[in-house]
């Protein structure tokens, strides 16, 4: 056999092994995830999930965090743990700082003999700093990463297997989708700390002025297209806040729900048992979603022309200025709008206050296939000893920290402002009740959680979501390609990627 | 006489035999010792990354993204890149970006330098004012221009509508036909001050007596510029143009911040594309191959740059 033939053969074998590995991983993960809903009893009844149900269970149970974690790791254990995470920074509300400080105080009280070495690193710096520290064997023992951040490191072999049972909880205590996001090659490598989904916001006054029911959001994505056109035709302003910038996380977070609603996907991540084997970007569902945004951007001109260079942040100004009627938004968007209104002056202030007054939150519209939203959040992971500073992981101290952090109490308190407890027990706590009473629309965005779909659990998922999907959108919206061409082009790129092509 | 014979044998005008390279190096060993620390640092921070990039360019990144599992693929990355229509599209955009940016930045810089070289009231203020684009942060400038160009609420678009030039705001950066040129305008605005400073320094070398003599001889302004000023500026112009070309080939901030390479890849130039391939798609092999191609091109430009610089030295030394 010639060298090149040998290489080709070896590469092909490697691709087959990779494919097999992904398939096994996906089947195990899917079985695991699917099993939650059918065989295992969740801590809460997910079938009843709605704003009313969320309110009804809040404050109905108390939890003894110190006692629970004391059964996992004795409270008098003496040791050391190092931890990196994105904690509250200057721009975060005071309560986030207070809860963070309270956690460390509580940890010290519960485990007075465990020494902590903690670093709070900004969201944008954390991944790069972690990658660098791993190369220099100077990583922390424990790290918290955004929802799909861990897959890359699990695939590279840097993380220790970790499941809820290791720290005294059960898999039924966490969202199935969240656990799917920490599963690589059939093994769990982390525990969810917090999970959130986005909602749909609209300006009721603009709806009324355009002749729409001000209290009724679009029920389907077809409605969004129609409403957007009606608003633009009648009022001359943008209807829907489309976001289609390349290399921006906002774009897939706002377009994938449309694709999934129409029955498409990047791969088969929206299905009950995903295998991540074949690209779905050329499916009829994806094409229908592309056609919907084409209709809004090109045919009707009813969305901002700047959508191709906009991130969500650039949609906030026109929304608070009454120039944009509806968009997908994070739970914290209301607080952001309040903040913007408080900074406005003169005539702008009047407009901004009116917008806040008329701001409504609802469920993200559904499509022919389903109602869908991206399942977001963060997970906590344990690093293998050989990559940790000093070469040692203090297992007991690590477990103590993770048990406390992922407890119903602290997973609620530490996600106070913009997220939700990763531990489902958190929804029953008095702190959840307090949050629902003080954070407007939290019940609506939280009620989207069962519709949450995680991005494909693959190391190269960021490339699909941040590059290939936005490219596909831009190819359609700029007329560079037709809907069919753009969809086929994107699917071919995903398939090439999963087979190891460049 | 042996010495006389030796002189006769070598013949008149024959240069004495130069000592060997190692002999000369040994004689100048102190000089080499002085630069040794810098060379060691360069080998570590420049030499090794270059070696590693070249090594990476012959490998394929595995689907797990684990670099220790990379496989040797020979020239496959280079072949894939050079046969990709995207490569030629990005290369063409890079050439358009570089050539137009360089021409206009140099032209504007030359005009500004000539204007500021003359005495007039407020010259110092104008000089400071024109330096502003160069001294402010490229990231901040990009964000400001992004809002000026904004397709829905941009100041330029609003002004155009207000003065009746257009009915609707012009779509500068969300349009594949205009986006690259819109970004070139920003780049020219940002870097023409650099050309201005370089050429102002060059203008100091033009002898005032020659200009006055030409004026006495009846030469008009254009003739004085073309026959007296320009020949004195040719050296600094060459250096300025080469530096602008290198700078523009290596541009990143303006296209990355303003459009991220979009829409539909219409503002991708080499560096933004390499960044996307390597750091956002984590395809280290292909990204490295792109970088090596760019490196070779930069080295060729570097040779021209060094030649331009040393030609000036040689001229001054009269050799």
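The values are calculated or read from the model by the stated rules, or taken from the named source; none is laboratory data. This is a predicted model, so every value here is computed, not measured. Reconstructed Cβ throughout: ideal geometry from the backbone, glycine too, with neighbour counts over all protein chains shown.
Residues in the stretch A:319-326: is at least one in contact with a strand residue (DSSP E or B) (Cβ under 9 Å, 6 or more places away or on another chain), crowded, with 22+ Cβ neighbours inside 10 Å, within 14 Å of another protein chain (Cβ to nearest Cβ) and over 27 Å from residue A:95 (Cα atoms)? Among the residues of the stretch A:319-326, at least one is in contact with a strand residue (DSSP E or B) (Cβ under 9 Å, 6 or more places away or on another chain), crowded, with 22+ Cβ neighbours inside 10 Å, within 14 Å of another protein chain (Cβ to nearest Cβ) and over 27 Å from residue A:95 (Cα atoms), which makes the answer yes.
Each row is one residue, and each column tells you yes or no for (1) facing another protein chain (nearest Cβ under 10 Å); (2) at positive phi; (3) touching a helix residue (DSSP H, G or I) at 6+ places or on another chain (Cβ under 6 Å).
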{"position": "B:251", "(1), (2), (3)": "no, no, no"}
{"position": "B:261", "(1), (2), (3)": "yes, yes, yes"}
{"position": "B:274", "(1), (2), (3)": "no, no, yes"}
{"position": "B:281", "(1), (2), (3)": "yes, no, yes"}
{"position": "B:294", "(1), (2), (3)": "no, no, yes"}
{"position": "B:298", "(1), (2), (3)": "no, no, no"}
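The number of residues in the stretch A:306-318 that are assigned to a helix (DSSP H, G or I), more than 9 Å from chain B (Cβ to nearest Cβ) and touching a helix residue (DSSP H, G or I) at 6+ places or on another chain (Cβ under 7 Å) comes to 2. In the set (1) within 14 Å of chain B (Cβ to nearest Cβ); (2) surrounded by fewer than 23 Cβ atoms within 10 Å (Cβ to Cβ), the condition left unmet by residue A:439 is number (1).
Please specify each residue of the stretch B:64-105 satisfying the condition of being on the phi > 0 side of the Ramachandran plot and surrounded by 14 or more Cβ atoms within 10 Å (Cβ to Cβ).
Taking the stretch B:64-105 and keeping what is on the phi > 0 side of the Ramachandran plot, we get B:65, B:74.
Across the stretch B:64-105, the qualifying residue is only B:65.
Would you confirm whether any residue within the stretch B:17-36 is over 31 Å from the mean Cα position of the chain (by Cα) and at pLDDT below 75? Scanning the stretch B:17-36 turns up at least one residue that is over 31 Å from the mean Cα position of the chain (by Cα) and at pLDDT below 75. Please indicate, with yes or no, whether at least one residue in the stretch A:290-305 is in contact (Cβ under 8 Å) with a residue 12 or more places away in the chain, crowded, with 20+ Cβ neighbours inside 10 Å, away from chain B (no Cβ under 14 Å) and out of contact with any strand residue (DSSP E or B) (no Cβ under 8 Å at 6 or more places or on another chain). Among the residues of the stretch A:290-305, at least one is in contact (Cβ under 8 Å) with a residue 12 or more places away in the chain, crowded, with 20+ Cβ neighbours inside 10 Å, away from chain B (no Cβ under 14 Å) and out of contact with any strand residue (DSSP E or B) (no Cβ under 8 Å at 6 or more places or on another chain), which makes the answer yes.
Do you know which residues across the stretch B:145-166 are part of a helix (DSSP H, G or I), closer than 16 Å to residue B:182 by Cα and over 30 Å from the mean Cα position of the chain (by Cα)? Selection gives B:155, B:157, B:160.
As for the stretch A:222-234, it holds at least one residue that is within 14 Å of chain B (Cβ to nearest Cβ) and closer than 30 Å to residue A:440 by Cβ. Kindly check whether there is at least one residue in the stretch A:411-428 that is without any contact (Cβ under 8 Å) to a residue 24 or more places away in the chain, in the same structural domain as residue A:127 (by TED's automatic domain parsing) and within 21 Å of residue A:56 (Cβ to Cβ). Yes, the stretch A:411-428 contains at least one residue that is without any contact (Cβ under 8 Å) to a residue 24 or more places away in the chain, in the same structural domain as residue A:127 (by TED's automatic domain parsing) and within 21 Å of residue A:56 (Cβ to Cβ).
Residues in the stretch A:467-474: is at least one closer than 18 Å to residue A:245 by Cα, surrounded by fewer than 19 Cβ atoms within 10 Å (Cβ to Cβ) and either in contact (Cβ under 8 Å) with a residue 40 or more places away in the chain or outside the structural domain of residue A:413 (by TED's automatic domain parsing) (or both)? Steps first, answer last, please.
Within the stretch A:467-474, the subset closer than 18 Å to residue A:245 by Cα is A:467-474.
After this cut, where a residue has to be surrounded by fewer than 19 Cβ atoms within 10 Å (Cβ to Cβ) as well, the list is none.
No; the residues of the stretch A:467-474 include none that is closer than 18 Å to residue A:245 by Cα, surrounded by fewer than 19 Cβ atoms within 10 Å (Cβ to Cβ) and either in contact (Cβ under 8 Å) with a residue 40 or more places away in the chain or outside the structural domain of residue A:413 (by TED's automatic domain parsing) (or both).
Go through the residues of the stretch B:217-235 one by one and say whether even a single one is more than 14 Å from every other protein chain (Cβ to nearest Cβ) and within 30 Å of residue A:307 (Cβ to Cβ). No, every residue in the stretch B:217-235 fails to be more than 14 Å from every other protein chain (Cβ to nearest Cβ) and within 30 Å of residue A:307 (Cβ to Cβ). The residues of the stretch A:228-244 that are in contact (Cβ under 8 Å) with a residue 12 or more places away in the chain and surrounded by fewer than 24 Cβ atoms within 10 Å (Cβ to Cβ), listed by number, are A:229, A:230, A:232, A:233, A:234, A:235, A:237.
Looking only at the stretch A:374-386, count every residue that is in contact with a strand residue (DSSP E or B) (Cβ under 9 Å, 6 or more places away or on another chain) and modelled with pLDDT of 95 or more and tell me the total. Step through it out loud before you land on a result.
At the first step, the residues of the stretch A:374-386 found to be in contact with a strand residue (DSSP E or B) (Cβ under 9 Å, 6 or more places away or on another chain) are A:374-384.
Now drop any that are not modelled with pLDDT of 95 or more, which leaves A:379-384.
Here the count works out to 6.
Assessment of the stretch A:329-347 against the conditions (within 14 Å of chain B (Cβ to nearest Cβ) and either under 24 Å from residue A:443 (Cα atoms) or surrounded by fewer than 19 Cβ atoms within 10 Å (Cβ to Cβ) (or both)) yields no matching residue. When the stretch A:260-277 is filtered for residues that are away from chain B (no Cβ under 14 Å) and touching a helix residue (DSSP H, G or I) at 6+ places or on another chain (Cβ under 7 Å), the ones remaining, listed by number, are A:261, A:262, A:263, A:264, A:265, A:266, A:270, A:272, A:273, A:274, A:275.
Applying the criterion of being within 9 Å of chain B (Cβ to nearest Cβ) and surrounded by fewer than 17 Cβ atoms within 10 Å (Cβ to Cβ) to the residues of the stretch A:475-502, the residue that is nearest to the chain's Cα centre (by Cα) is A:499.
So which of A:92, A:100, A:117 is loosely packed, with under 13 Cβ neighbours inside 10 Å and farther than 16 Å from residue A:182 by Cβ?
Details: A:92 fails: loosely packed, with under 13 Cβ neighbours inside 10 Å; A:100 fails: loosely packed, with under 13 Cβ neighbours inside 10 Å.
Selected residue: A:117, the only one of A:92, A:100, A:117 that is loosely packed, with under 13 Cβ neighbours inside 10 Å and farther than 16 Å from residue A:182 by Cβ.
Scan (1) under 21 Å from residue A:470 (Cα atoms); (2) modelled with pLDDT of 95 or more; (3) away from chain B (no Cβ under 14 Å) for the single condition residue A:198 breaks and write down its number. Status for residue A:198: all satisfied but (2).
Does the stretch A:400-409 contain any residue that is surrounded by fewer than 22 Cβ atoms within 10 Å (Cβ to Cβ) and out of contact with any strand residue (DSSP E or B) (no Cβ under 6 Å at 6 or more places or on another chain)? No; the residues of the stretch A:400-409 include none that is surrounded by fewer than 22 Cβ atoms within 10 Å (Cβ to Cβ) and out of contact with any strand residue (DSSP E or B) (no Cβ under 6 Å at 6 or more places or on another chain).
Determine whether residue B:210 is farther than 30 Å from residue B:83 by Cβ, away from every other protein chain (no Cβ under 14 Å) and within 14 Å of the chain's Cα centre (by Cα). If you could, list the steps in order and put the result at the bottom.
Working: farther than 30 Å from residue B:83 by Cβ: yes; away from every other protein chain (no Cβ under 14 Å): yes; within 14 Å of the chain's Cα centre (by Cα): no.
For residue B:210, the condition - farther than 30 Å from residue B:83 by Cβ, away from every other protein chain (no Cβ under 14 Å) and within 14 Å of the chain's Cα centre (by Cα) - is not met.
Scan the stretch A:199-211 residue by residue and report those that are surrounded by 23 or more Cβ atoms within 10 Å (Cβ to Cβ) and in contact with a helix residue (DSSP H, G or I) (Cβ under 7 Å, 6 or more places away or on another chain). Listed by number, the residues that qualify are A:199, A:201, A:203, A:206.
Quick check on the stretch B:144-155. Is at least one of its residues closer than 23 Å to residue B:250 by Cα and in contact with a helix residue (DSSP H, G or I) (Cβ under 7 Å, 6 or more places away or on another chain)?
Of all residues in the stretch B:144-155, those closer than 23 Å to residue B:250 by Cα come to B:144-146.
Going one step further and asking which of them are in contact with a helix residue (DSSP H, G or I) (Cβ under 7 Å, 6 or more places away or on another chain), we end up with B:145-146.
Checked against the condition, which is being closer than 23 Å to residue B:250 by Cα and in contact with a helix residue (DSSP H, G or I) (Cβ under 7 Å, 6 or more places away or on another chain), the stretch B:144-155 yields at least one hit.
Residues that are over 20 Å from residue A:118 (Cβ atoms) number at least 1 in the following helices (runs of 4 or more DSSP H) confined to the stretch A:376-451: A:408-413, A:430-438, A:442-446.
Here are some residues: A:186, A:149. Which one is modelled with pLDDT under 90 and closer than 19 Å to residue A:84 by Cα? Before you say what the answer is, go through the steps one by one.
Values: A:186 fails: closer than 19 Å to residue A:84 by Cα.
Only one candidate qualifies: A:149.
Among the residues of the stretch B:70-92, those that are more than 9 Å from chain A (Cβ to nearest Cβ) and in a helix (DSSP H, G or I) comprise B:78, B:79, B:82, B:85, B:86, B:87, B:88, B:89, B:90, B:91, B:92.
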